[in-house]
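Every read-out reported here was derived from the displayed coordinates using simple, explicitly stated rules and does not represent laboratory data. Computed from a prediction, not measured in an experiment: that's the story for all the values here. Neighbour counts run over all protein chains shown; Cβ positions are idealised from the backbone, glycine included.
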């Protein structure tokens, strides 16, 4: 339970640091509309306007992970060095680039084969990064390992400038 909470908080931190937090123009609070159903929303469905496997926010601008990697050859090389696999292939199945980079760091830091870790955190039956660490390395402090990898990923993925 704690590792799931950590993963959710860590993921939120990664997304926020990448600029995924939606702030209305002028920085003021959103709202002012009439209560009721949102446009595009039907019971049990909310149309966010984003493809489910595409990252969002100013840094990624709705571009695929592959497009982001093509623009950041240094990060692509780092992922290949960490995983032993081409970055595009290594990041297949991840929801965003930050998650892929964090998993790559966990793999390298703990000596877990990247493909084994990736299969735990992507696809059907996916678990959080912390839970995957706990399952694959029960003697390791999964919370600290996930936190360290998330910090490394944030430092590498954040926009330069």
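P(r) tail for segment 54-161, what percent of Cα pairs lie past 18 Å?
Values: 2508 of 5778 pairs.
Taking all Cα-Cα pairs of segment 54-161, the fraction more than 18 Å apart is 43 percent.
Model label points for residue 63 and residue 127, set 7 angstrom from Cα along the Cα-to-Cβ axis, are 3.5 nm apart.
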